1. Quick check for me: using +1 on Lys/Arg Cβ and -1 on Asp/Glu Cβ, what's the dipole size of the range 588-643 about its Cα centre, in debye to the nearest 20?
2. Full-extension gain between residue 905 and residue 516, please, as 0.36 nm times their residue separation minus the C-alpha to C-alpha distance.
3. Would you calculate a helix-derived [θ] at 222 nm for the chain, using -39,500 (n - 2.57) for each DSSP H run of n ≥ 4 and dividing by the full residue count, to the nearest 500?
4. Taking only C-alpha pairs under 8 Å that are 6+ residues apart, what is the relative contact order of the chain in percent?
5. To one decimal place, what orientation-averaged projected area in nm² is obtained for the convex hull of the Cα set of the range 859-998?
6. Can you give me the Cα centroid spacing of the range 683-702 and the range 261-299 in angstrom?
7. Fewest Cβ neighbours within 10 Å first, please rank 180, 710, 360 accordingly.
8. Say the dipole of the chain comes from +1 at the beta carbon of Lys and Arg and -1 at that of Asp and Glu; which of 824, 489, 859 then lies farthest toward its positive end?
Amino acid sequence: MTDSRNVRNTALGIFSALFLILAPSPATAADGETAPARDPKQAIDEPYTAKIQKYTTAPYFTSPLVNYLPASNTVPTPEAVLGDVAGAPGVLPYAKDVYKYMRMLEKASPRVKVFSIGTTEEGREMIAVAVSSPENLKNLEENRARLAKLADPRTIKLDDAEADKLVAQAVPVYYITGTIHSPETGAPTALMELAYRLTVDESPYIQEIRDGMITLITPVVEVDGRDRMVDIYRWHLAHPKDFYPPLIYWGKYVAHDNNRDAMGVTLKLTENVLNTYVGWKAQVLHDLHESVPYLYDNTVGDGPYNAWVDPILTDEWQMIGARNVADMTKFGMPGVFTHGDFDTWSPGYLMFIAAMHNGISRLYETFGNGGADTQERTLDPEEYSRTWFRQNPPLPKTLWSQRDNNNYEQTGLLTSLHYFNENKRLFLKNFYLKAKRSVMKPAAEGPAAYVLPTDEPRPGLQAELLRVLQKQAVEISRAKSAFTVSLPVKKEKPKKDAKDSKETDKEKKPEPTTKDFPAGSYIIRMDQPYARIADALLDHQYWSPEDPQKTPYDDTGWTFGELFGVQVVRVTDLKVLDVAMERVVNVHAPGGVKGSGAVFAINNNAEPALATLRYKMKDAGMEAAEEPFEGSGKKFNRGSLVIRNGSRADLDHAANDLGLQVVALGTVPSVKTHPVRAARVAFVHTWLSTQTEGWWRLALDDLKIPYDYISTQTIAKIDDLNAKYDVILFPPVGYFPGPTAIINGMTTAWGNPLPWKNTPETPNLVGKNDSTDDMRPGLGWDGLAKLQTFVQKGGVLLTATDTSRFATEIGLVAGVSTHASEHMKIVGSVVGTRLVDSGSPLAYGYDEKVAAYCDNGPIFSLSSIAGARGRRRLGNESHTRATGRGTADDPDFTVGRPATEAPEELTSEIWEAPPVTDEQRRNGFRVIPPANRARVIFRYADKKDLLISGLVEGGDEIAQHPAVVDVPAGKGHVVLFSINPVYRGETRGTYSMVLNTILNFDSLDAGRKLAEK
Ligand SMILES: [Zn+2]
C-alpha cells in the first residue's frame, strides 16, 4: 500500500507548480462544446485563489471550474462575510450570515435577487436566491407565465405546436437546496461561492448558464438545525480537546426524517420548498447531502424505482447522472459515480417534490467532515473498492477538507447547470410532456379519479387528507349531484387445484358492479397536471418479497386513505370526469351544534379532534358512553361523548372550528358513562435520539394537546410523578440498543460531560426543546423505580415499538413478552389489524379492521403465568391421535382396562394467553389473577390479510399476535403498541388509539370482561 501522506505532499507540490503555469484554454473545445475554463481576460482574485489552493488537500480534489476565483471591483466575495474563503477550515456560518452575504450580492449586482420563502417552526427565515442575467430577472413574471403554461398543458389545450413555441422562448429554472441535514455542513459556503461565480464570472461557460437559465438557490433548508449545528461547532472550537455533544435536535421536531416529509408535508421546510418549487414552475430540484465519498449523484441509484414517476424522468436521471460523472471524471476527480445503494421507491424525500410534480429530482451525496475541520479520513473497503459503476473510486485514506467538499459540490453543480442549459429545450419539452401525460392519465394508465364519499364517518380526517393533497398543489372538486360509476371486474386467479375442484363447472364470470356516491362527494380528477402525486399517495404499494433489492432504503408502503382511516375509492370509469362538479378552495369538515336540548352528544369515530375539544373546553363536564346508544333519532357508537354542562355557544364555536358534529339531546341518554378528563401528560424523551418521538410531538402540538416535555433524566428528579401527571407517554426512541441503554444512557465512565444548553457559544441549542448539563446519563435505576411506582400507584404509561420492548424486557409488566423476528421483513409497511376488545376505551370509535403502520414491530406474546415467557406461536398446533387401534377419530384402548376419556384440550387464539391449566393452578402463586392480565385491544390480521401496502415477508411470525395491549400493573396501566400509531404525519387514523388512552386514563378497565379463572 502507498503511504498516502507522501503521495499527498508530492501531489501538492506538483499542484502548486501546475497552478503557476496554468494557461487558460480556448472557450470552445474541438468537440464543439464550450470549454470549462476561465476567461483569460478577467482578472483573478489572487489572495482568495491562493487560499482555495491552500485548503484543497490534493490536486485532483478540484477542477478548472473552481480552482480560481474571478475578481470583481463591485461584487463582494464570500470572504466579506466569512472572513476567509468558502470551505476554509474552522469557518461555519450561521444562516443569518449566509443570508447577509446573499443580500450583499443582491445589492451589488442586478444579476441577483433574494426572495423570502417563509419561516421555520422556530420563526427563522428561509430564502431563495435567483441568479441570472439582468434581463431574465427583469422578465421573471413573463417567463413564469410561459413556464406555467408548460406546467399546465390544459391552458394551451394540450397543443404541442404551442408548447414548442413556449419551449423555444422560456428560460428554465434549476432549483438547488442545501443542508437539509444539519450535520452535513458544507453546502452553505459552497452555495455562497457558487452564487458569486454565477454573478461575476465572465467565462463563456458560466455566461451561458447565467444568460440561458435561472439558478435558484435555497442555501439552508433546515435553518433551525443549521444554527444548532454551528453552535456545536463553535463549542468544539472553544473546547478542542473535548468530545462535543452530538446534534440530538436538528429542527424543532425531527432530525434526519426532515427528508422524509415530502408526502405528508407536515414540516415548514417541506411546505416552503414545495411552494417555491411549484410557484417558480421549476424544472429541477437538486438537494445537497454529504454522507458518501466523494460525490454520489444518487438519483440514478438502484431499483426499484417509484412506480408512479414518468419513465421520461427516469431517462432524464440516466442522462444527467451519466454526463455528470463523465464531466468530473475528465477533470480527474476521483470518486464520482451515479449508481449505488439508494432505491427511488419512496416519494418522501425532499427532492422528490420535483419527481412528483413533473420535474427532475436530483440528490448529491458528497463527503463531509461534519464541521469545518480538515481531517484524515479512512474509508471502508466497500467505499473505496472499484466497481462497475465506480471505475475511479475514492481513495482508501486521505486528508479531507471542507474546501475539498465545496470543490466537489460546486464542480458538480456547475457542470450540471451547464449541461442542463445546453439541453434546456429538450428538458423544457420533457417538462411539458410529463405534465401532458399527467393530464392524459385517465384514458392512458388510469385511474380516472379518486373519490372520497361525502357520507364518510370521519369527515375531519377526510378533510385532513384533502388538505395534504392541497398542500401538494392537487386540485380537488366536489360533485354537485349524486353519481354512479362502474367498478372494474376483478380477475379471479385460476385455482391451483382447479382440476380437482367441483367449483370449476360452477365458475361464472362475475358481473361488473357499480358504486353510487352522494352529492357533495370529493373528486380528485386525474386529468390534472399534478395527478401523479395524488395517485402516488392514494394508491396501494406492493413490494415483492422476491424483489432483487433486499434492503429497501426507506418505507415500502404509505397508502394515505388507509393510514388516515378514511374511504378512498379508486375509480377507473371515465364517466366520473363528466359528473357536474366544482373546484374546492377551502376544505372544511362541517361542524357545530344541531337540535335542541341541554345535553349534547358527539358520535365517536376515532377522530383526533375529539381530544382537541376535550382540552379546549377545559371546564365542561364530558363523559364517554360505555355502550352504543340512540338519541334524537341518531345512533351513537360506544365511546361517544356526552356533555352535560357546557355552554352551547362555546360548544358550537369549538365544534365548528374542529369539524365536529354535535347533537343536542332532550334527555340524558340512559347508558353507562365514565368521565373523560383532560389528563396531565408527561412526554418522555431520551438523550440518545429524538428522531422518532418528534413526530409524536408534532402531532400533539397540531392537535393542541398540552404536555410537559421531559427527558428520562428528569424522571428520577421528580419526587412524586403521580402528583404531577396522569399519563406518561414514552414514544419510540427510534434506535434501540436494548433496555439497558435507556437506563444507562451513554457511558460516563470516561470522557467529558456533553452539555445541551444555551451558553454564549451556543445561543441556539435549546430552542423550544429540552436542555441538560450532560446528555450522557439515562433514566437510571432510580428513574426506573420512579416509573414503576408511578404505574403501581395508578398512573398510565404508554409505550410504542422499542419502548414497548423496554417496558416488557425490564419487567414493568407481567404476562407480556416480546420476541425479535427470525425471518420477518416488514419494512415501513401498511398492515391490517383487527379489533379484539371493542369494549376497551382504547378502541372507541374504531371499526373491526384498522390499517396501521408497522416497521418490524416487536412480536408480543401473552401468558397468564407471571415470569413465564409467552410462547410465540405460528398458528394452532394440530393434535393428531397417537398410534393405536381403530381409525383416525376413534379412541385407542389399553388392554385389560376400561377406556378413559382424556380431558378436552384447552385451545386459545394466537393473540390470547394460553388458558391456565389445572396443573399450573396447583399452588398457583404465579398465576396472574384475571383482573391483572393483559388485555389485547387490537391484534395483527391473519397472515393472508396482513399486507395492505408495501413489503410483508415472513408475516406469519407476527400475524394474529397482539398489536395493542393494555396491561394492568398495580393500580395503573402500561399500554403497549407494536405498531407505531404516530408517524410522519401519515398515520392519523391510528392517532386516536393514543388519544383514547389519554382521555380515558382513569377508566381504562371500562367494558372489561374477565376470564372466569
Ligand atoms: Zn443527508
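Values quoted throughout were computed directly from the atomic coordinates according to the rules given, and no laboratory measurement underlies them. Note that this is a predicted model, so its numbers are computed, not measured. No Cβ is skipped: glycine too gets one built from the backbone with ideal geometry, and neighbour counts run over all protein chains shown.
1. I would put it at about 200 debye.
2. On the way: separation 389, 0.36 × 389 = 140.04 nm, distance 4.96 nm.
Fully extending the segment from residue 905 to residue 516 adds 135.1 nm.
3. Numbers: 31 runs with 303 residues, N = 1013.
It lands at -8500 deg cm²/dmol.
4. 10 percent
5. Details: hull surface 51.4 nm².
With the hull built on Cα positions only, its mean projection is 12.9 nm².
6. 24 Å
7. 710, 360, 180
8. 489
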